[in-house]
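Have a look at the structure below before the remarks.
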Amino acid sequence: MKFFIDDLPVLFPYPRIYPEQYAYMCDLKKTLDVGGHCVLEMPSGTGKTVSLLSLIVAYQQHYPEHRKLIYCSRTMSEIEKALAELKALMKHRATELGHEEEFRGLGLTSRKNLCLHPSVKREKSGTVVDARCRSLTAGFVKEKKERGEDVDLCVYHDNLDLLEPHNLVPPGVFTLDGILRYGEEHKQCPYFSVRRMMPYCNIIIYSYHYLLDPKIAERVSRELSKDCIVVFDEAHNIDNVCIESLSIDISEDVLRRATRGASNLERKIEDMKSTDAEKLQNEYSKLVEGLQQAEQAREEDQFISNPVLPDDLLKEAVPGNIRRAEHFISFLKRFIEYLKTRMKVTHTISETPPSFLTHLKDLTYIERKPLRFCAERLTSLVRTLELINIEDYQPLQEIATFATLVATYEKGFVLILEPFESEAATVPNPILHFTCLDAAIAIKPVFDRFSSVIITSGTLSPLEMYPKMLGFTAVMQESYSMTLARRSFLPMIVTRGSDQAQVSSSFGIRNDPGVVRNYGTLVTEFSRVTPDGVVVFFPSYLYMESIISMWQGMGILDQIWNYKLILVETPDAQESSLALETYRTACCNGRGAILFCVARGKVSEGIDFDHHYGRAVLCIGVPFQYTESRILKARLEFLRENYRIRENDFLSFDAMRHAAQCLGRVLRGKDDYGVMVLADRRFERKRPQLPKWINQAMLDSETNLSTDMAVSNAKNFLRTMAQPFKSKDQEGISTWSLADIERHEAKRKIEEDRMMRQEHTNGHKMDAVTSSAFEAVDDEYDDDIDQDMMMLDA
Amino acid sequence: MASNIGIDRRDEDEVCPVCKSSRYLNPNMRFLINPECYHKMCESCVDRIFSSGPSSCPVAGCRKTLRKNRFRAQTFEDIGVEREVDIRRRVMHILNRREEEFDGKRAYDDFLEQREEIIANLVSRSDVAKTEAQLQKYATENMASIRTNQKIEEQEATSFHARISLEQEEARMRRQLAREELENERREMHAGREDFLSRLAAGTSSDAASIARESHKVQLRKSSARHSEQDRLRQKQAALRGSELKRGTNLSSVENAGPSDTGLIKGLRKIKTPEPEKPYDPFMGYLPEKRDYVTLQQSYPSQYLDRLRKSTQAAAGGFDLREYYSRTLMEAFAGLGCFVEEEIAERDANRSASAANEGAAMAAVDL
């Protein structure tokens, strides 16, 4: 279907369009025209990705700038889905236009997923694959081969050099599977093909980290031009991604292995001194001159890149006390030993980077400046030594990264040493957390560099929180509601059990037998009335375990077993995926199953329970974070002092976005239906924090229910939903054809005209009124503004 | 800073190399080292062997004489690092030049590398005697600058600690303020609601809506007032902090002086001693006593003046002929009726004191 937004022809790959998709595209176009960042919340399962892609592709092809699109998503499967959508879209465009457009769309993921080398691809861990790949593809290895030495090379990588550098893959869209197949056919490395083709792509689809994590972004995304359109999809967790990209945890094991790495390096240096002292001398003289930056052509095979953001890099020569390789090794050793002594402390410590640095200087005479150059110096050393088995130096690299970060940033970071894993533990297992508290630090270069950044997800409410936390101004903030021909999902808040006692997962009463029993009956009842799959979310693994064992004691599990198979998510990914598989099978054959999972776990973030896989979702308790965590406390304090976000506001915002994410799991399209239950007394007051589309569908009468009322409501709802439903019923209401769009446009135009005219006449009237009356009006108006401002403040 | 280093409880099978008692049997065992030889032994061994005065190290092959008072607990796990840090402490104490004292970054970097080199020599026990001698020489030559630099460092440390503790105190205050604020807000909201309810109960059904609206308004006004109050407080605090910081920086800027180049360290910045300030000059460089053309002589032959020279009256009245000479000469050369350009050209051409002298004499005669 083809339609126009203003003067822009948009080709949409489906014959019908949802009204919210149309509104979304209109707003998106406005943002792109104006230039600036925007935050858009669109209900899950309403075709966000396809509307985004079809608008931006149309925009790219229609305007002469051909702005590149960088589409960032969260997981592999989402990237793959987006690529498939893009492929379908381009096919549709080709048939509509009658010719293939010159267009490239590629997706990038880690080497592990894109490797073809027969032995390397069998490795399980990503870091090992990276290291082995590097040892087969690095520049110096190739030089060695040319010198006639016997070293292994990757055939797939070498074949790339035989091709034209700007035409490694033909134009078109390749899914990840597609590029793997193409690579296998033409015997070329898919990973490096994509990496090298990135400057020539119209659309790049990859994970957030390639843009946010400075360690990767510097290498991968450096060449992207300023006018790129950047989209962060599923961005409700983007602040956490930003924070994680600048945070490091160091355990004792890492330190031990780092020591070993340092001694290995020392040995290597000795070897090199006796065999090839010239190379070391060359490196040294380069460092003396401060030439390394110019020479460092940030190659693909670089060991590590600098972990700090490009703005914070020091453009100077390496300080004199780590210029010589052996001095640098002794420097590293001292630093590691210092960290080891810190690890022996038996109480929790939280301190700022400056105080850490002072203590470090008191004890070991390590100054800040050389510490800042640690990562850079290590990279240079590793390159000089031409190390092959790089994975052994992984811990050393971590330490160097930590050193550079701690010496670079003063504000917005905190060091927390936790000697014990939990409160009750007696065996120390110390971990040094170096935590970033400010999400704005990592994302700032992105906002500064690119003119349009679009942040979008199914659950972003409250919208104003994100610009505040990430430190940008949005030209557009919009939340779309869901147009439905029938009420296809039923959100309810259950605050009481059948015995009218309030239910809540708050710490004081969460283990009361009464509350546990009430939750138990809620789950039992819903497993009785709901066909097929039921998903239950708990606030934490700990609570889930305790409540399940209590249910076992009360015989509640036995009752559930009469209706459904019970499956439980665990922290272990493989066990969970097995449970999920079994759950799917059970939903397809038989009476269905019930899945117990955790609101912050893997299931809540990216696994869809469409159609019969999820007919009801229960959220037991508000999924607050563990508030006793030191890191969270530090972050809350930081938010309060710097962004004036109160502790409780942030905690409740965070809890509600996770709850909304859980609820969104069951509704994956307009023909889907499902019951959503929020079972906690506290949800009643937090209702305004739910996304608009959920909030609108919730009736006031359904915000304070007891279990039996909720069950009878759900029963009625499911019965109605079970009636046959033809897609024709939706037409004109929740799906639009071209005619509908035109009608809508015409209506909007008439409306606009009317508004204009009204304003016009109003203006005339205003002139006519006497001055005293005018003042009175003015006063009134002022008062209103006052109120509005107060509302904002409040 | 928190640095109490606890006992590592994991190495339970640690054994004292001297008496072979293990931590398993004696959980309170502490290990000590002596910076003479860095051999580890347990506290009871130290007591046993060294209580009666200095003795030689019990470790086989090491014949160093140790004293009890030098024994101390070990900071780092790795003895090599421990030793290196000890050496470093000593060297850094002596070679404590600061970056400001060097000509440029390059010179400072060279110094840093040289220092590392010295430390590495001492650690690896190569060229110890020579390096030690160098160090000793440097220390005696540059006593003053070492002292001043140490003082600066100390000052920096104390001011840093003061700032940190101030910041912590402030953070604590802010935290408390936030908590109080939350508490107040809650209490006010509660009070407001109660007030609203009681008024509703007292009033008639007709004005219920207006009461509700009013109470809502009151709440909003209160909250906005509170916010503006907070803002004001915060600004005040920020201003205060700024002034504190400024004072801190003032403290740390201390004049440093010392000998410029020393044998050991290259590239030190030449230290210029500032010239002493000149006395105040009201004539901006013009000296009334200075004469370009003449030198004042003791006496000039003149009949007219002879009379005065002899007159006791004039002498008693304090009349000084020299005053008179100088005034007259001044008037004669005051530039009346002469052209400066010509004069200058002339002066440049034949600039000689004798000519001037003659001129002066002639002038005097003419008078």
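Throughout, read-outs are computed from the coordinates displayed, never taken from laboratory work. These numbers come from a predicted model, not from an experiment. Neighbour counts run over all protein chains shown; Cβ positions are idealised from the backbone, glycine included.
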field: Computed over chain A: relative contact order in percent, which uses C-alpha pairs under 8 Å that are six or more apart
entry: 16
- request: Pull out the extension gain between residue A:315 and residue A:612, defined as 0.36 nm times the separation in residues minus the alpha carbon to alpha carbon distance; nm, one decimal.
  value: 101.1 nm
query: When Lys and Arg each count +1 and Asp and Glu each count -1, what net charge do the other residues less than 15 Å away from residue A:731, Cβ to Cβ, add up to?
result: +2
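Which whole number gives the average, over all residues in B:112-122, of C-beta atoms from other chains lying within 10 Å of the residue C-beta?
Working: counts 9, 9, 2, 3, 10, 5, 0, 4, 4, 0, 0.
Partner Cβ neighbours, averaged per residue: 4.
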- request: Tell me the trypsin sites (Lys or Arg not before Pro) within the stretch A:366-434 that lie in a loop according to DSSP and have at most 14 other beta-carbon atoms within 10 Å.
  value: A:411
Label-zone membership for the stretch A:137-178, site residue A:122, 7 angstrom Cα→C-beta point, backbone N under 20 Å: A:137, A:152-157
Convex hull volume of the stretch A:248-408 per residue (C-alpha atoms, cubic angstrom): 114
message: Give me log10 I(q)/I(0) at q = 0.08 Å⁻¹ for the protein assembly as shown, Debye formula, one equal scatterer per alpha-carbon, no solvent.
response: -1.09
message: Inside 10 Å of the C-beta atoms of A:346-356, what's the mean count of C-beta atoms belonging to other chains?
response: 3
task: May I ask you to list the GluC sites (Glu not before Pro) in the stretch B:12-52 that are in a DSSP loop and have at most 16 other Cβ atoms within 10 Å of their Cβ?
output: B:12, B:14, B:36
statement: Assertion target for A:700, A:729, A:708, ordered by fewest C-beta neighbours within 10 angstrom first, is A:700, A:729, A:708
message: For a Förster distance of 22 Å, can you work out the FRET efficiency between the beta-carbons of residue A:572 and residue A:509, rounded to the nearest 0.05?
response: 0.10
field: Taking the stretch B:11-74 and dividing mean pair separation by its residue count, relative contact order in percent (alpha carbons under 8 Å, at least six apart)
entry: 30
- prompt: Can you sort A:223, A:102 by how many other beta carbons sit within 10 Å, fewest first?
  reply: A:223, A:102
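Count neighbours as other Cβ atoms within 10 Å of each site's Cβ, and list the chymotrypsin sites (Phe, Trp or Tyr not before Pro) in the stretch A:493-529 that are DSSP loop with at most 16 such neighbours.
A:507
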query: Ordered by packing density, taken as the mean number of other Cβ atoms within 10 Å over each peptide's residues, highest first, how do A:23-32, B:47-56 rank?
result: A:23-32, B:47-56
field: For A:631-643, mean number of other protein chain Cβ atoms within 10 Å
entry: 1
Simple spin-label estimate for residue A:762 and residue B:321 in nanometres, 7 Å along Cα-Cβ: 10.8
- request: State the Cα centre-to-centre distance between the stretch A:563-635 and the stretch A:236-264 in whole Å.
  value: 29
- prompt: Using the 10 angstrom Cβ neighbour count as an exposure proxy, how do B:126, B:22 rank, fewest first?
  reply: B:126, B:22
- prompt: Do you know the relative contact order of the stretch A:1-146, to the nearest whole percent, from alpha carbon pairs under 8 angstrom that are 6+ apart?
  reply: 18
Equivalent-ellipsoid semi-axes of the stretch B:83-165, from the Cα gyration tensor, Å, largest first: 25, 15, 14
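If you stretched the chain out fully between residue A:486 and residue A:542, how much longer would it get, using 0.36 nm times the residue separation minus the C-alpha to C-alpha distance?
The span from residue A:486 to residue A:542 would gain 16.3 nm if fully extended.
If you take the beta carbon distance between residue B:129 and residue A:630 as r and set R0 to 51 Å, what does 1/(1 + (r/R0)^6) give as a FRET efficiency, to the nearest 0.05?
That gives a FRET efficiency of 0.45.
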Label point 7 Å beyond Cα of residue A:561 along Cβ direction - residues of the stretch A:503-545 with amide nitrogen under 18 Å: A:520-521, A:523-525, A:527-528
query: Does the stretch A:646-749 classify as rounded, prolate or oblate by the C-alpha gyration tensor (a ≥ b ≥ c root eigenvalues; a/c under 1.5 gives rounded; else a/b over b/c gives prolate, otherwise oblate)?
result: oblate
- line: Sorted on mean Cβ neighbours within 10 Å (highest first), peptides A:60-67, A:166-173 come out as A:166-173, A:60-67
- request: Work out which helices of chain A, taken as complete DSSP H runs, extend at least 30 Å along their axis over the Cα atoms and score a mean Kyte-Doolittle of -0.5 or more, then list them.
  value: A:76-97
- line: Any residue on another chain or 5+ positions along whose placed amide H is under 5 Å from the amide H of residue A:673 is listed here as A:611
Segments A:565-575, A:598-608, A:434-444 sorted - mean Cβ within 10 Å per residue, highest first: A:434-444, A:598-608, A:565-575
